[in-house]
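Asker: Mind looking over this structure? Questions follow.
The values are calculated or read from the model by the stated rules, or taken from the named source; none is laboratory data. Note that this is a predicted model, so its numbers are computed, not measured. Note that we place each Cβ from the backbone using ideal geometry, even for glycine, and neighbour counts take in every protein chain shown.
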Amino acid sequence: MEISFAGKRAIVTGAGKGIGRATALALARCGAEVVAVTRTRADLDSLLLECPSIKPVCVNLGDWGATEEALREAGGNVDLLIFFPIPRSFNINVKAVLHVSQIVARGMKARGTGGSIVNISSQASQCALQDHTVYCATKGALDMLTKVMALELGPYQIRVNSVNPTVVMTKMGRLAWSDPGKAKTMTSRIPLGRFAEVEDVVNSILFLLSDKSSMTNGVTLPVDGGFLAC
Ligand code: NDP
């Protein structure tokens, strides 16, 4: 399936590492003008070495004032928003999503050209996981935020969806799931018998951002090998 984002402008938050970084690079390869947001300058420097067309924004998304300042220029003129909330804090996982979405959706509504927003949730939004109390709670809240945003922004042709991955072995995934015994407890509950690859998640994100999903709005799409089906 050919997907092109030529002429589209995208903001990717959490783009320094992991799935966010891979998404920023994939969007740029598909022709989008990409604004990459993260808080570690060295990650942005290496991202730019890989893809010089990407526009870097270095900001801590937990700092509302600094975020508004940093996105003042870029945030008003965006077609696609991909939000990678960072675990274990309502401040970032829920409130920062709402904050950045409001900045971006304001611009989308004013321009009248619609848009697509994809939030990165988790299988943990819908299934209780041991030792993941706050994480599960924030992702559950994020799923409902996605649905309400879909309801409220739909009339402006702005679609809002989420992807809900199982474990992916990024920096974050390795921290929690490197122990083979612990990993086995999870993979044994996944019908496909493995964790997701970064590419599996990126492909679903690109689909939801693209016109190929133009009638899909308010879904929380599992990328979990069937974990939530069981
Ligand atoms: P990574 O830890 O690999 O990358 C997260 C990125 O976000 C880093 O570049 C990090 O920068 C940046 N970041 C963290 N906090 C802030 C902040 N306050 N302001 C700006 N940038 C920040 O994470 P993943 O790619 O693994 O996860 C991305 C998303 O996917 C998360 O929402 C996670 O919940 C979700 N997810 C991940 C799964 C997994 O197993 N990996 C499974 C299911 C969902 P820095 O390194 O400087 O902190």
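Asker: For the range 183-202, give me each residue that is of a type outside the set (Val, Ile, Thr), free of Cβ contacts under 8 Å to residues at least 40 places away in the same chain and assigned to a loop (DSSP other than H, G, I, E, B).
Answerer: Answer for the range 183-202, where residues must be of a type outside the set (Val, Ile, Thr), free of Cβ contacts under 8 Å to residues at least 40 places away in the same chain and assigned to a loop (DSSP other than H, G, I, E, B): Ser188, Pro191, Leu192, Gly193, Arg194, Phe195, Glu197.
Asker: Follow-up. Identify all residues within the range 66-94 that are assigned to a helix (DSSP H, G or I), within 19 Å of Arg159 (Cα to Cα) and within 12 Å of the ligand (Cβ to nearest atom); write none if there are none.
Answerer: Val94
Asker: Among Lys147, Lys212, Lys139, which is touching a residue at least 40 places away in the same chain (Cβ under 8 Å), within 10 Å of the ligand (Cβ to nearest atom) and within 29 Å of Ser116 (Cβ to Cβ)?
Answerer: Exactly one of Lys147, Lys212, Lys139 is touching a residue at least 40 places away in the same chain (Cβ under 8 Å), within 10 Å of the ligand (Cβ to nearest atom) and within 29 Å of Ser116 (Cβ to Cβ), namely Lys139.
Asker: Another question, if that's okay. Go through the range 10-65 and report how many residues are modelled with pLDDT of 95 or more and outside any loop (DSSP other than H, G, I, E, B).
Answerer: Residues in the range 10-65 being modelled with pLDDT of 95 or more and outside any loop (DSSP other than H, G, I, E, B): 36 in total.
Asker: Could I ask something else about it? Just checking, which of Lys182, Lys139, Lys171 is among the charged types (D, E, K, R) and over 26 Å from Gly16 (Cα atoms)?
Answerer: Answer to the selection: Lys182.
Asker: Based on this model, can you work out whether Leu47 counts as more than 9 Å from the ligand (Cβ to nearest atom) and within 17 Å of the chain's Cα centre (by Cα)?
Answerer: Against the criterion (more than 9 Å from the ligand (Cβ to nearest atom) and within 17 Å of the chain's Cα centre (by Cα)), Leu47 does not qualify.
Matching residues to (1) touching a strand residue (DSSP E or B) at 6+ places or on another chain (Cβ under 7 Å); (2) within 28 Å of Asp131 (Cβ to Cβ); (3) at pLDDT 95 or above; (4) in a helix (DSSP H, G or I):
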| site | (1), (2), (3), (4) |
| --- | --- |
| Gly181 | no, yes, yes, yes |
| Ser204 | yes, yes, yes, yes |
| Lys212 | no, no, yes, yes |
| Thr216 | yes, no, yes, no |
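Asker: Scan the range 83-99 and report the pairs whose first residue is farther than 11 Å from Asn119 by Cα and among the small types (Gly, Ala, Ser) and whose second residue is part of a loop (DSSP other than H, G, I, E, B) and modelled with pLDDT of 85 or more, with Cβ atoms within less than 8 Å and a gap of 6+ or a chain change.
Answerer: Here the result reads Ser89/Gly62; Ala96/Leu61; Ala96/Gly62, each pair linking the range 83-99 to a residue that is part of a loop (DSSP other than H, G, I, E, B) and modelled with pLDDT of 85 or more.
Asker: Still on this structure: Would you pick out the residues in the range 24-43 that are surrounded by 18 or more Cβ atoms within 10 Å (Cβ to Cβ) and near the ligand (Cβ under 9 Å from one of its atoms)?
Answerer: Within the range 24-43, Val37, Thr38, Arg39, Asp43 meet the criteria.
Asker: Can you find even one residue in the range 156-174 that is part of a helix (DSSP H, G or I), modelled with pLDDT of 95 or more and touching a helix residue (DSSP H, G or I) at 6+ places or on another chain (Cβ under 8 Å)?
Answerer: Yes, because at least one residue in the range 156-174 is part of a helix (DSSP H, G or I), modelled with pLDDT of 95 or more and touching a helix residue (DSSP H, G or I) at 6+ places or on another chain (Cβ under 8 Å).
Asker: Pick from Val202, Val160: which is within 25 Å of Ser101 (Cα to Cα), of a type in the set (A, V, I, L, M, F, W, C) and within 15 Å of the ligand (Cβ to nearest atom)?
Answerer: Being within 25 Å of Ser101 (Cα to Cα), of a type in the set (A, V, I, L, M, F, W, C) and within 15 Å of the ligand (Cβ to nearest atom) holds for just one of Val202, Val160, which is Val202.
Asker: Moving on. Has the range 126-135 got at least one residue that is at pLDDT 95 or above, polar (S, T, N, Q) and over 20 Å from Val201 (Cα atoms)?
Answerer: No; the residues of the range 126-135 include none that is at pLDDT 95 or above, polar (S, T, N, Q) and over 20 Å from Val201 (Cα atoms).
Asker: Can you say whether Val104 is free of Cβ contacts under 8 Å to residues at least 24 places away in the same chain, among the β-branched types (Val, Ile, Thr) and either farther than 22 Å from Asn203 by Cα or within 9 Å of the ligand (Cβ to nearest atom) (or both), as far as the supplied structure shows?
Answerer: In short, no.
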